[in-house]
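Structure, as structure tokens:
The values are calculated or read from the model by the stated rules, or taken from the named source; none is laboratory data. All values reported here derive from a predicted model rather than from experimental measurement. Every residue, glycine among them, receives a Cβ derived from its backbone with ideal geometry; neighbour counts consider all protein chains shown.
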Amino acid sequence: MQKDIHERNSNSPSGPGGYSNLTATLALAKASFRSIMRSPSAVVFTLAFPLIFILVFGFLGGGGTRIDVGVTPGSDVNNPVMVMLDKTGMIRLVKDKSKAEFDKLLEKGNVDAMIDVHRKVNSAAYSVNVVYTSASRDKGGILKSVLNNIFYDKTLKPTVAEIKESTITGREYKTIDFILPGQLGFSLLSTGVFGTAFVFLSLRQTLVIKRFFATPVKRSSIVIGEGIARIGFALIGALFIILIGHFFFGFTLVHGALTVVNMLILATLGIIVFMGFGFIISGIAKNESMVPPISNIVTLPQFLLSGTFFSIEAFPSWLQPISRALPLTYLNDAMRKVAFEGLGLWDVKFQIMILLLWGIGIYAVAVKVFKWE
Amino acid sequence: METKKAIISVKNLVKKYDDFVAVQGLSFEVYEHEIFGLLGPNGAGKTTTLEIIETLRDKTSGEIIVDGFSVDKQPQDIKQIIGVQLQAAGYYPNLNLIELIELFAGLYGANIKPMEMLEKVNLQDKAKAKYKALSGGQKQRFSIATTLINQPKIIFLDEPTTGLDPQARRNLWDLIIEIRNAGTTVVITTHYMDEAEQLCDRVAFVERGQIIALDTPDNLIDKLVSSGFERKKEVKKANLEDVFINLTGQEWRE
């Protein structure tokens, strides 16, 4: 990217009468990009922070949710159902315990369910008996859909006719599939807000912008040049996070490269919206020490409430409307749908529309409060 | 210096802020190829006047023509032919000198070799240094280098020598004279009268937003002397700065 700009730069026409706004914009983008790459805080916020969270959750989750399923004593263990359950990687079969022990574990929710498999008399099919526990309803629910999914599987269908009503797409949903889009969204939010606010405030305070105004450069070139650099940097960061997540932690990319492109398009939209907050903050902050507190007012609630770490469904109902008002919620939502469910951009048009509305609102305020001098 | 063709003409310049008149009816001309000094105490309106000519600030009234261009109608044309050094301006963070020069080259649309620009102000050894890491004199020389990128007809220097040690100051004078000799008109503000006397072809004294005197330094001094002014102390053939330079050496060290 840098090389590209450099080449276009040196080939562009110059001299009296041939002033090129493009050259000026690209020169600024290049300078800004270099500056961002050398700024420790930008690199920490955009890359290190999200990667640390991904590492922590990547290892913590051990690749996904685990469901402990007790095997009822006396159950057949060498059957295709058990083999399939084992293969999902989500389900840990607990064996070699007495009925009494299992009952206690089940009561406490330490075991999420019990399973009992028997070959049907005079038949190649199996009969599966599952006991769930109210102490672990969520995981019981997951197990139910996993089972449904297994029975829907072609290899078992002809032999097991009893449970085939399920149509759930049981793609393995790992912790990383939830955490990574959230971290990506947060990375974009902090880069957009903190980075933009700091840069424009400091350029204004150190009279760098004033010195720029003594050159023929246009104001729009300054904003666009900065924007190109920041978007470029954020996208490189996003790509980095996605690739590390995919190759080291098995982050699901349903359609491969196409999914990555879709995610980057969403990331671009996100960073542009979030940069608007940065423009506003740079306008209302009186000095650099005011930037972090004001920025945190914008970023922290979104960090906590936009489904970065937990699904917003887990929040109390009075909190959910607040979550549903925040732009990061929609970016995270769209990212997850695109990455994990394999939806196209048109399928997340609702989320995109909400982001665009936020963008319009934010930039309408930014135009009013942004200060050049 | 005898061409006397005006390159800047300022007529009845007025700048009012809400409740305060910073500049009240300034008129003067700057001739081509001269070093013109705007002198006066802090708050006299020197910087405001410069920034209006530089198209960085709006004026309340008056007329300003810079090399045939009007500040009202052709500010973009003026920006192309002037170089500006601002008082206490910083530079883009985290970039080294070469990269900063490249940035300005892009902003001006100028095709220059960054290293040659640094050589002009004797900073080629600092090409990879950050602006922040430069000494006071080096910072000022770098600022002047950025004013030369678009090969301007006029450069404006706002207190370029404030805070410099005597060697760095004299070194900067040499640089400014070199630039003028290469054909560039220089407009400078300063608080140091010895500097104005040595450097400027003509000076204007600004006080409370008005010009109270405008002439060559020689004529202004002669006028005062002929009015019967006498220094209290007999002037010696050298002053303490000459002693300083003599003792610590002419070459500047950084």
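Every condition in (1) of a type outside the set (Asp, Glu); (2) closer than 30 Å to B:Leu86 by Cα; (3) surrounded by fewer than 16 Cβ atoms within 10 Å (Cβ to Cβ) holds for B:Leu224 except the one numbered (2). Does segment B:61-68 contain any residue that is among the aliphatic types (A, V, I, L, M), more than 22 Å from B:Pro217 (Cα to Cα) and surrounded by 22 or more Cβ atoms within 10 Å (Cβ to Cβ)? Yes. Filtered by the rule that a residue be within 9 Å of chain B (Cβ to nearest Cβ) and either assigned to a loop (DSSP other than H, G, I, E, B) or buried (at least 23 other Cβ atoms within 10 Å of the Cβ) (or both), segment A:192-202 gives a lone residue, A:Val199.
Do any strands (runs of 3 or more DSSP E) entirely within segment B:22-133 hold 1 or more residues that are of a type outside the set (Phe, Trp, Tyr) and within 9 Å of chain A (Cβ to nearest Cβ), and if so, which? Explain how you work it out, then say what you get.
On the way: elements: B:35-39, B:61-66, B:82-85.
Because the criterion is at least 1 residues that are of a type outside the set (Phe, Trp, Tyr) and within 9 Å of chain A (Cβ to nearest Cβ), the strands (runs of 3 or more DSSP E) in segment B:22-133 that meet it are B:82-85.
Looking across segment A:213-260 at every residue that is among the polar types (S, T, N, Q) and either away from chain B (no Cβ under 13 Å) or out of contact with any helix residue (DSSP H, G or I) (no Cβ under 9 Å at 6 or more places or on another chain) (or both), the one that is farthest from A:Ser187 (Cα to Cα) is identified as A:Ser220.
Take the conditions (1) more than 10 Å from every other protein chain (Cβ to nearest Cβ); (2) surrounded by fewer than 22 Cβ atoms within 10 Å (Cβ to Cβ); B:Phe142 misses just one of them, which is (2).
Can you go through B:Arg202, B:Arg208 and tell me which one is in contact with a strand residue (DSSP E or B) (Cβ under 9 Å, 6 or more places away or on another chain), more than 20 Å from B:Val23 (Cα to Cα) and either in contact (Cβ under 8 Å) with a residue 40 or more places away in the chain or not aliphatic (A, V, I, L, M) (or both)?
Working: B:Arg208 fails: more than 20 Å from B:Val23 (Cα to Cα).
Step by step, each of B:Arg202, B:Arg208 is checked, and only B:Arg202 is in contact with a strand residue (DSSP E or B) (Cβ under 9 Å, 6 or more places away or on another chain), more than 20 Å from B:Val23 (Cα to Cα) and either in contact (Cβ under 8 Å) with a residue 40 or more places away in the chain or not aliphatic (A, V, I, L, M) (or both).
Okay, residues lined up against (1) in contact (Cβ under 8 Å) with a residue 60 or more places away in the chain; (2) over 30 Å from A:Gly232 (Cα atoms); (3) surrounded by 13 or more Cβ atoms within 10 Å (Cβ to Cβ); (4) in the same structural domain as A:Val223 (by TED's automatic domain parsing):
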| site | (1), (2), (3), (4) |
| --- | --- |
| A:Phe45 | yes, no, yes, yes |
| A:Thr88 | yes, yes, yes, no |
| A:Asp103 | no, yes, yes, no |
| A:Asp116 | no, yes, yes, no |
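Within segment B:141-173, restricting attention to residues that are without any contact (Cβ under 8 Å) to a residue 60 or more places away in the chain and touching a Ser or Thr at 6+ places or on another chain (Cβ under 7 Å), the residue that is farthest from B:Leu103 (Cα to Cα) is B:Arg169.
Looking at segment A:358-373 only, could you name the residues that are in a helix (DSSP H, G or I) and buried (at least 17 other Cβ atoms within 10 Å of the Cβ)?
A:Trp358, A:Gly359, A:Ile362, A:Tyr363, A:Ala366, listed by residue number.
Let's see how each residue does on (1) more than 14 Å from chain B (Cβ to nearest Cβ); (2) modelled with pLDDT of 80 or more; (3) assigned to a loop (DSSP other than H, G, I, E, B):
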residue: A:Gly18; (1), (2), (3): no, no, yes
residue: A:Ala27; (1), (2), (3): no, yes, no
residue: A:Ile54; (1), (2), (3): yes, yes, no
residue: A:Phe57; (1), (2), (3): yes, no, no
residue: A:Pro73; (1), (2), (3): yes, yes, yes
residue: A:Asn78; (1), (2), (3): yes, no, yes
residue: A:Val83; (1), (2), (3): yes, no, no
residue: A:Ala100; (1), (2), (3): yes, yes, no
residue: A:Leu106; (1), (2), (3): yes, no, no
